[in-house]
Each structure stands twice: as structure tokens, then as C-alpha cells.
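Please read the structure below before turning to the comments.
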Amino acid sequence: MSNIKELCYSCNTRSPPASGFFLSFLQSKMVKVFIVLLSFINGALSVGPRCLGCTGVPLLTDCNNIIECGNGEACYTQKITTDAATIVYDAGCLSLQVCNVISTIGKNTGLGKRDVTNCYECCPETNHTLTTPPCNAKLCGIHERSEPKCYMCDDVMKPENCRTTGYCDLDEQCFTEKLTNHATGEIRYKLGCQRKAVCASLAMYPTLPNSGSCNECCDENYCNIGLCKQSILGKPHFTSTPGNFTVDSQTSVTLTCSVDPTSQATIKWSFESLLGPQLGVSPNGITLGNQTSLTLTADVTSFGAYTCTATNTNGFVTAKGYLSPKIPITTPTTTTITTLTTTTTTPTTTTTTPTTTTTPTTTTTSPTTRTTTPTTTTSPTTTTTTPTTLSTSDPCPNGCCDTDPKCHDFTFISTACLHHGTALQCPFICGLCLQSTTPPPCKPDTDPRCHEFNYVMSACLDNEKAKTCPKTCGLC
């Protein structure tokens, strides 16, 4: 019987298969099916955050089901006004890719012909553990009730197998009881509520020596999943992460990354060059491994994004830091080019040959000679050329420098240079000057479907369809 109950608790989870949550979405509109399908495919491989998982509840505080997302997913909450003018809530897991699309398009949108989504929010969690409360319980302006909310299961093999929650009374606390069957050695757990007066007594003797039993209370929401000294190894938790640095060349920079030693995690570094992967992945020639710190000299080989990944048996978390070059502020200069044209005239010489005329007579003939002296005339021609002045006020005469003010903003360039479309706004700092051609700037999307939520939700995730809305989908 206990095995059957254990299976039942597994049926309420979302990983895998996500039966209740997934099938309920299949009965909903096509957009919802598309979103959940992506979340299921991306999330079934490893452990992610725990979230509230319900569909169509009138109050999110009525949602008592906990689902476990996959890696690369986040918790979400959707507030919907139906065609009957009633408000209902959906909650669960979405892939981070879909969450990014939702944040780009907007939180208020229509998903059906009549139903209207009043709020659509995600809450990506990076440092979550099994005891971390579901973050989507507080999205869309929702607040938990004043009563404590605790895990509630009558019989589970491990506290983390419990997926059901509920509210206790104001005079109660969250409670966990551990029982050991000495005949079989089997250990079972019961999670729920206990009166504060009883908890005060149990605090004096939470465990009986050699009994294998345990009774403990706690006074925070969802806290009883970690009671009775149950070893809960959640995802790694960072104690330090790489920072962001904007420095001059040849500056020494140290990036650090460390995790809580109790998480039993290993560290792995990776590097993405600011100038592109084709230029290598070894900053300063350093071999990246499991170092807790990296000391680098800022130069063309080390500028880029550094990702620290911490991994243990329950999954992994990542933290990213950027090392960027300091952008010099230059004043445009005006260049004046003067060209002088010189014209040389060669003198022209005219020579007239003398002509002799003889008149015969019977007497003496005296020839008369006429000589014309050659005359040389030189007429110098002077051509005056007005100097041509080319004034270059354009700070980008060669077509490859950064004129957009955002190129001086570290937050912008640290991400823009990693994507070809946005890197075109800052070609110099992003290293695009090495390329022979520069694609034209991104123009507004002309297809009217690019303003429709249903179309963009599917188009932006398809390489071919995304070309119909390049600006909305971030292709340029």
C-alpha cells in the first residue's frame, strides 16, 4: 500500500511525465500547449526549481500542488480574465526561452478570442534548494496568507517526495515526524501541522535516543521539508561569483567563483571571446578548469564573458562575469587637403626663311636680299587653382566606428557583442571592423503579424519564421 501511495505522489510531480499539469494544458488553447510542450522538453532532463503547479484556480493561494521544473526552466504565474468575467490563475514551469519572449512582448496580452491575460510573469531562480519556497506564489501581485503554509503528506519515504502543501491554523507550526520500523529498518516520514504548544514540548526532546524517531517543528513557510536531520542536497549555492570589469589594456583582473562546501559541487570555467569564438577560447593562454579564481591581464585575448558552472548530483547553476575594454572618448578631427595645379607653357619659335628675287637685265644684275629676323614669342599661361578643402566632421569616416551612445554603456555592450544583430550597433568595440561588409541596420517589422502575440510566440522560436519579424525576434 505504501508503494502505491508513493507512486501517487510521483504522479503529482511534473518531471517526467507531467501528467496532470501537462494534460490540462493540452485541453487549453494552442498557445498554452506550445508553451508547456517547450517547457516539458527542456525540463525533463535535470532538476530545476520547485513551483506551484495549478490550472484555472480562482485564487493562487488555493494552489497546493508543488511541481519540480527541469533545468533551464523557471516558475511562472498567469492571471486570466475569462469570457465569463471571472479571474482565474495558472501556475507552473516555463522554459527560460519562452519567459524571455514573454518579457519582450509584454505581460498583458490576449491568448484567446475572448480570454484576456492580465498578467504573465516568470521568476528565474538560480540558487534554489529543496527548501526554497516556490517563487511564483508571489507573482502578479499575489501575497501569501498570514497562516503558515507547510508540506502535508501522511506517508512518504523521503520528505522531498512530498508534493502537497496546505495552510495550518494560526496557532500551529509546520511539523515533520520520522518513524523507523526496527523490524524491517524502513524509515517513513509524515509532514503537516502541529500546535505550537506541542511544538514547544517537542523542542526539548526532538529525538529519543536509539529510537530512530524524530519530531520537529519550524515556523516558516514550506520549512518542514528539511526537518529531522534529513540530508537534503539541493543544487549548488554560490558564495562568490565573477564580477564585471571594464578596464584599460594590460590591467590585472581577478575573477572568483566559489560554492558552499556543503553542496559538494565541482566548478568548471568557460570563456566566450568578445571578438568571437573563431579567435580562440584561452584567455592569456590559460587553460580553464576548476580554479576558484582566475587572474588575467586584460588584452585582446581575454576580453569577453566568463561563465562559472557549479555542478553536483542534483544539477548545476551558473554565474557569468564580463571583462570589457574601456572605450576611449575621442574628439573628431578635421582634415584639410589642398591640391595645387601647375601649368607649364612651352615657348613657340617661328622662323621665316629669306626669299631672294633676281631681275635679269642686259647690264649688271644686283640681287636684292630680304631677311626677316626670326621672332620668338613666349606667352606664359598661368592657371590658378582654388585649394579644395575636405572637412570631415563625421566621426566615422571609414564606416567602422561606434557612434551609438549605448556603445559606451557596459551593460549594453556586454551582451550586445555576443549577438550579431545587436553587435552591428557597436561594430568597433564588438570587433566587426575585421569583416569586409556590414549588414544594413535593422528596420521595423512590416509584417502585421509581428504585433500579434500568438504568431510571435511561435515564430521567434523557429529559425525560418523568425525572419518575418527580424526586429521583434532579435535577429538584427
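No lab work stands behind these numbers, since they all come straight from the coordinates. Predicted, not measured: the structure shown is a model, and the values here were computed from it. Cβ sites come from the backbone with ideal geometry, for glycine too, and all protein chains shown count toward neighbours.
Odds and ends about this structure:
- Here's the picture: a label point sits 7 Å out from the Cα of Val116 along the beta-carbon direction, and within segment 76-97 the residues with their amide nitrogen under 18 Å of it are 78-90.
- Cut-off under 5 Å, modelled amide H: who pairs with Ser302 long-range: Asn284
- Summed side-chain charge close to Pro148 - residues other than Pro148 whose Cβ falls under 14 Å, Lys, Arg +1, Asp, Glu -1: -3
- In this simple spin-label model, placing a label point 7 Å from the Cα along the Cα-to-Cβ direction at both Asp248 and Leu288 gives a separation of 2.8 nm.
- Listed by chain and number, the aspartates and glutamates whose C-alpha is less than 14 Å from the C-alpha of Lys326, apart from same-chain residues fewer than 8 away, are Asp248, Asp299, Asp402, Asp409.
- Each residue of segment 464-473 was assigned a 3J(HN,Hα) from its phi angle through the Karplus curve 6.51 cos²θ - 1.76 cosθ + 1.60 (θ = phi - 60°); the sequence is 7, 5, 4, 5, 6, 10, x, 6, 4, 8 Hz, with glycine and proline shown as x.
- Inter-label distance for Asp154 and Thr297, nm, one decimal - labels placed 7 Å from Cα along Cα-to-Cβ: 7.1 nm
- For segment 75-80, backbone phi angles converted through the Karplus equation (6.51, -1.76, 1.60; θ = phi - 60°) give residue-by-residue couplings of 6, 9, 9, 10, 9, 10 Hz, Gly and Pro being listed as x.
- The order of the peptides 465-471, 172-178 by mean Cβ neighbours within 10 Å, most packed first, is 172-178, 465-471.
- Length gained on full extension, Glu464 to Phe412: 16.0 nm, using 0.36 nm per residue less the C-alpha separation.
- Cross-link table Lys149/Lys190; Lys138/Lys320; Lys158/Lys235; Lys443/Lys467; Lys138/Lys196, entries beyond 21 Å C-alpha to C-alpha: Lys138/Lys320; Lys138/Lys196
- Charge tally in the Cβ shell below 15 Å around Pro444, where Lys, Arg are +1 and Asp, Glu are -1, Pro444 excluded: +2
- Amide N of segment 289-313 lying under 18 Å from the label point, which is placed 7 angstrom from the Cα of Thr256 along Cα→Cβ: 290-297, 306-310
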